[in-house]
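Participant: Got a structure here, written out as structure tokens. Questions coming.
We did not get these values from a lab; they are worked out from the coordinates using the rules stated. Given the structure is predicted, the values throughout are model-derived calculations rather than measurements. Here the Cβ positions follow ideal geometry from the backbone for every residue, glycine too, while neighbour counts run over all protein chains shown.
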Amino acid sequence: MRDHGARGGGDDSTAHEPLIGGRSSRDRLPSPTAYEYDEGATDFGVGDDGDDHHGEDVDESKIASPGLFIWALTFSAGVSGLLFGYDTGVISSTLVSIGTDLSGRALTTLDKSLVTSATSLFALLASPVTGVLADAWGRKRVILVADVLFLLGSLGQAWASSVWGMILGRSIVGLAVGSASFVVPLYISELSPSPFRGRLVTVSSLFITGGQVVAYIVGWLFSATPHGWKWMVGLGALPAVLQCLTLGFMPETPRWLVKANRKDRARRVLRKVYGADGDVRKDKLVEALLRRVEREVLEEEEAANSRRRINNPSNDDHHKPGSLGASLATVHDGFGELVAVGAHRRALAIACMLQGYQQLCGFNSLMYFSATIFALVGFRSPTLTSLAIALTNFLFTLVAFHSIDRVGRRRILLLSVPVMVLGLGLCSVAFGFLDLGDGGGGEESAAGAGAVVARVVRRVVEGDGGGGAGAPGGSPWAVAILLAMVIYVASYAVGMGNVPWQQSELFPLSVRSLGSATATATNWGSNFLIGLTFLPMMETLTPQGTFAFYALVCAACWWTVYRIYPETAGLGLEDVGGLLADGWGVDESLRRWGERRRRMRMDAGVGIGEE
């Protein structure tokens, strides 16, 4: 493959480093109290006068591990992922258990699609708004708002007595998860050292998959309880309450504090992060970092004001700095910058591509409707069987946690997506040979199979569980479907489940919030589409046609990743900006990645794959 856009190094004047965890070799300022160091790592790139040594390299490979404070912040913020995962998993068990409790009748296919997709739709609406609020209010306050919304939405679902009441509760939850899914990776990435950014952001995905496991266990425990689905959805309020309690101990990001003209508070947060109290040398590090952040913020504001004067010279000072109106004006300017600047436009295309494919490959439809699918193929306890899927997702997310910074983002996708295609293909073939209980087996017409699917879905929502005489639960093809889904989910968890959430490293600070919010909105828009269309596709295309379609989407994803996604592991934001300035930068990124791997081998005395 040729990459005409590869570019070595390059200076990108619009690229800025994140406050903590910026990966430019010249501006890294780690602290031995914030992070655990190997012995002898004493040069932080700041001179005795407290100024940055812009020409001196600070080797972050000497950082042995993130410190306890960073882990505590990561896990506290990651509880939002638990909320997201619990909601994703619990709806599968809920749809099986509701029966006729809502509106005095069984749910129709349309009812189930609306209940499921309402969350995705309102998450889509929340994501771009959250990008504005995160800059106007701060990351921490947006997390608090998400917790309150999730609390209200969970209780609203538990109290619902009609289909539309349930949809309302799901919509409120959608606002919550849409907000949290954007701001939590942003919050964590701004507090992470570059060698560990990938795995620390992956902690949020671990919480998501862990929440799904908890949801299936709760669903199984309450599956035989009358009106047990109310407990299933209502218990989702507990993690929200837990995170509200921990928010009091979580600091706002110092970069946002500096931008909001709260320099003293930013200094206090940095001293806590770097353990600088009473240490003159570390105080100098904090002051140097504050000056660098102030310069970055000033450059952003000057650039924004210049664009605003050009576009609207009569309204230069209309909005108070830091106000919501000023943030909206910044969003308007930011969209212009995202579209006008080639590097930003390509970063946005990559981020939206990854987030879109993450959902269009059909994974969340499997999570939403796994109990329905396993009831369809005849398993007697579909909710408990779905637990195997959730556990697979969680365990292989642990694999991603270990490998995403070592193997690289691009390489993980290129290795895992073909396995996703294999799993979906096997699932499609197995459905083609499975007797769905109508006597036709593999010779059924498409229309006949679709009718059987519709009938089994109706039996599931009416409480029959999908089993019974003639059900294919003991068929080897039913077991093959389960194994194929496990293969698909395992490969998804290693790659597509985590890599798209590294999106913030593609954008410079000037458009990071807006670019990440736009990509997250793409994720939720695709999620909404999948949730709304999965059951109708199962009825019209048949199960084998539906899973074959998702396999084709995954194949298209692999080709797109191969063509345009550069390797970003270990790169600073300025490096990414340089790669994307004139093209996709794939060849150049692979060359740099190879050099970093060779240096790591020399330093560690082992190969990357042997660590």
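Participant: Can you sort Phe249, Phe182 so the residue with the fewest Cβ neighbours within 10 Å comes first?
Facilitator: So the residues, fewest neighbours to most, are Phe249, Phe182.
Participant: Further question on the same structure: Hey, what do the phi angles of the range 539-547 turn into as Karplus ³J(HN,Hα) couplings, whole Hz, using 6.51/-1.76/1.60 and θ = phi - 60°, x for Gly and Pro?
Facilitator: Per residue, the Karplus-derived 3J(HN,Hα) values read 7, 8, 8, 6, x, 5, x, 5, 6 Hz.
Participant: Taking neighbour counts of Cβ atoms within 10 Å as a proxy for exposure, in what order, fewest first, do Asp135, Asp283 appear?
Facilitator: Asp283, Asp135
Participant: If we restrict to alpha carbons, what Rg and Dmax does the range 71-250 come to, in Å?
Facilitator: 16.3, 55
Participant: Now for a separate question. Using Cβ contacts closer than 10 Å as the measure, can you line up Leu348, Leu191 from fewest to most?
Facilitator: Result, fewest neighbours first: Leu348, Leu191.
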